[in-house]
Structures are given as structure tokens and as C-alpha cells.
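Let me begin by presenting the structure, written as C-alpha cells, before commenting on it.
Values in this text are rule-based calculations from the coordinates and carry no lab data. Treat the numbers as computed from the prediction; the structure is a model and nothing was measured. Quick reminder, even Gly has a Cβ in these numbers, built from the backbone with ideal geometry, and neighbours come from all protein chains shown.
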Amino acid sequence: MAAVERVGASGWYILGNEVSAFEDELGQFIGNGHVVGCASGLDAIEIALRVEGIGPGDKVLTTPLSAFATSLAIIRAGAEPVFCDVDNHGLLDVTAAEQALTEHPDIRCIVPVHLFGHLADMPALARLGEQHGAIIIEDAAQAIGARRDGHPVGEYGRMATYSFYPTKNLGVIGDGGALATADPVSAERAAAIRNYGQSGHYVHDLMGMNSRLDELHAATLNTALLPRLSGWLETRRKNAARYLAEIDNSAVTLMPGPDQGQSGWHLFPILVEASRREDFLTHLGNCEVAGGLHYPTLIPDQKAITDRGEPITLGDLANARRFAHGEVSLPIHPYLTDEELTHVISAVNQWGG
Ligand SMILES: *Cc1c(COP(=O)(O)O)cnc(C)c1O
């Protein structure tokens, strides 16, 4: 509330000191350089693509299992998404990606999604990108502050993009997003694109958009939310560790991810038999446990995509479909009490008996 009052009293509401201060702080937190705030995670991906010159005529390799925004940003930038399958963690599969890059030499960019807060296999994807002339933009909307084998988000990508949608790990009281890059020139271009392509007062060298992070959001992020993020991530990891240790039901497959101790644990996904998922969700509902689905329909199967014509996909996306039909997300947010966690664990363990 102090941050809100401060901004209200300042009389300066768009692109001022609060936004620059937050961009600096977030840059220090994530440790890979220059941060540019914008209006949403969707816009952050579109701006990143445009800064890197990805647009009409270009193909972009991505995952069919994500928030729709990942592909929407690619299409809004004017490029064409190519969908390949995910691995057993639900992350872009390296073998499938290699096949896609070989079959489509005109893929110029890879957008892996760090789904559930688990990092994709970035060293392998970076190697593939280098071999096939494709840059990498990491969709890290679910993975702020996460690592894999000691390597942080954004280390391998040209850019990493974040969302501050209220339910995200760093969620604000409204919409917001950001991108981060080690390259100061790219950051400058991104800052221009978010503000009508303006590089100086009334100077427009680039086609831009209106996608600014509000001073109010930057102030609450910087004052009240970002300082708590490390603690929240620790609590998410502890919650995940309890579920992994105490859920014991042969009808439920746990998915610890590639590095459970360093994941952002935005979601806690489990897998059940597709034919029994409805029953499981009903059981959770009866126990007053809110289960989520991430994501029940693959992006290339959405009407907005198929209406454009046949989407470019590699193979039958069998693993992604296994998630679409069998995944359930358990509550994992940092304000769950020990009793609530115990309650969720016993609800899951009692199912199916
Ligand atoms: C939430 C999310 C987005 C979009 O972020 P918004 O701020 O809602 O636009 C993009 N990608 C992924 C993986 C997300 O989870």
C-alpha cells in the first residue's frame, strides 16, 4: 500500500523511476543483464521475436503443450510456429527438436517453454540451435528464479521472457511482463518497441506497439513482491518435496522434473490414466482440493490455429497428448499451510483404493 501511495502522490504513472528501478532490481535478481518491463508475458515474447528480426516468412520451433500465449506471440510477430513433441517432463524434446530442425531448415528460432517451472534441456537445445542457425528465446513465464544443474534461466537464450500475471510465481495485482537479455543493444530496441518504437522524443525508427509496464505495478513488484520471491520459491520447493515424499498411490505418476531441487515449481503436475482423470478430479473436488489441468487441449488443436490452415507439426505429438489427457496439477502455492498439504496428500493417497 505504501508503494501505491507513493506512485499516486508522484503524479507520474508511465515509464518513470519505478519502472527503471524495478528493471535494475530484477536484472540483479536473475543475473543476466538488462531487463525491459512490458505489459504482459505474451507481449514480452512478441517483442523479443521482433527485436531479433523474427517475422513474416520465418518458422519458429516450439512446444504444443503450453499456454496459448507462446504460439500466439509467434503468430502475432508474423512468423509460423512448428510444433514438435515434449519429453517425459513435458518439456521440448531434444530428439524431436533435432528432427524438426533437419526437416525444416528455414526454422530461424526456437522458443522452449520452461513448463511447470522446470527448465528445458538448454545446453542440448543451444547446441542444436547453433548447428542449425536458429536463435533461442526462452519462455520463462513459469520459471522465474529457476535453475537446472546450476544453470539459471536465460543463460543459453538470446532472451528470456517473464509474466507477472497474478497467479505466476512473481504475480502482480494486474498484468505485467518483462524480457531479459545480456545484450544492451537488444534491450534498447525492446524498450523502443514497447513504446511505439520511439527511440527519442517523437523519434520513431522502428514499428512499435504500446506495451508498457505501469509505474504502479513496478512499484509493488519492487517494494512488496520481488523481495519475497526467493522465500516463496523455497516454500514451493519444500511443498514439492513433501508431495514427492508422501504421495504414494500406484494410480498416480509423480513427475519430479529434471532438477527438483532447483525447479521454480510453478505447478505440481501428476499423471493419471486418461480414462480415470474425470473420476480423480471429482474425488479431489469432493475433498475440497482444487485440481488444475495444464493443458487439456494442445495448441495445434485449437480452433484459432486450425482455422488458419493445417498447422506444421512433427509426428503425432504422442507425449504431449499423454499430458493433455492425463495431467492434473495439485495446489503448490507458498501460502498453503502444513495441514492443507497433509490434506491434499491424504486426498490423493485415498483415491482409487
Ligand atoms: C502465463 C504464460 C504466458 C503469458 O503471460 P501473460 O502475462 O498472461 O500474457 C506465456 N507463456 C507461458 C508458459 C505462460 O505460463
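Cβ crowding within 10 Å ranks 293, 49, 128 as 293, 128, 49, fewest other Cβ atoms first.
At full extension, residue 307 and residue 241 could sit 19.5 nm farther apart than now, given 0.36 nm per residue minus the alpha carbon distance. Only lysines eight or more places from residue 168 in sequence, or on another chain, were considered; those with a Cα closer than 20 Å are 238.
As a ratio to 2.2 N^0.38 Å, the alpha-carbon radius of gyration computed for the chain takes the value 1.00. The simple spin-label model puts a point 7 Å past each Cα toward its Cβ; for residue 204 and residue 130 those points are separated by 4.1 nm. Along its first, second and third principal axes, ordered by size, the range 152-266 spans 63, 30, 23 Å in Cα coordinates.
For the chain, the relative contact order is 21 percent, taking Cα pairs closer than 8 Å that sit 6 or more residues apart in sequence and dividing their mean separation by the residue count. The translational diffusion coefficient of the range 206-268, from Stokes-Einstein at 4 °C and 1.567 mPa s with a Kirkwood hydrodynamic radius over alpha carbon pairs, comes to 88 µm²/s.
Across the options 153, 125, 30, the greatest Cα extent toward the positive end of the charge dipole of the chain (unit charges at beta carbon of Lys, Arg, Asp, Glu) belongs to 30.
By other beta-carbon atoms within 10 Å, ranking 84, 109, 38 with the fewest at the front produces 109, 84, 38. For the range 89-163, what log10 I(q)/I(0) values come out of the Debye formula at q = 0.13, 0.16, 0.27 1/Å, with one point per alpha carbon and no solvent? Normalising to I(0) and taking log10 leaves -0.33, -0.50, -1.29. Can you grab the distance from the C-alpha centre of the range 200-252 to the C-alpha centre of the range 1-67, Å, no decimals? Measuring centre to centre over Cα atoms gives 12 Å. Mean projected area of the Cα convex hull of the range 246-353, taken over all directions, amounts to 8.6 nm². Counting every other Cβ atom within 10 Å of each residue's Cβ, 12, 232, 265 order from fewest to most as 12, 232, 265.
When averaged across all projection directions, what area in nm² does the alpha-carbon convex hull of the range 9-123 cover?
The orientation-averaged projected area of the Cα hull of the range 9-123 comes to 8.7 nm².
What whole-number distance in Å separates the alpha-carbon centres of the range 106-151 and the range 274-353? Rounded to whole Å, the Cα centres lie 23 Å apart. Nearest 5 is fine: what % of DSSP beta bridges in the chain come out antiparallel, could you say? In the chain, approximately 60 percent of DSSP beta bridges are antiparallel ones. Only beta bridges with both residues in the range 40-164 are counted; by DSSP, about 20 percent of them are antiparallel. Please report the antiparallel percentage of the DSSP beta bridges confined to the range 56-120, to the nearest 5. About 10 percent, rounded to the nearest 5.
Calculate for the chain the 222 nm mean residue ellipticity that helices alone would give, adding -39,500 (n - 2.57) per DSSP H run of length 4 or more and normalising by residue count, nearest 500 deg cm²/dmol.
-11500 deg cm²/dmol
What FRET efficiency comes out for residue 259 versus residue 24 if R0 is 30 angstrom and r is the Cβ-Cβ distance? Round to the nearest 0.05.
Computed FRET efficiency for residue 259 and residue 24: 0.60.
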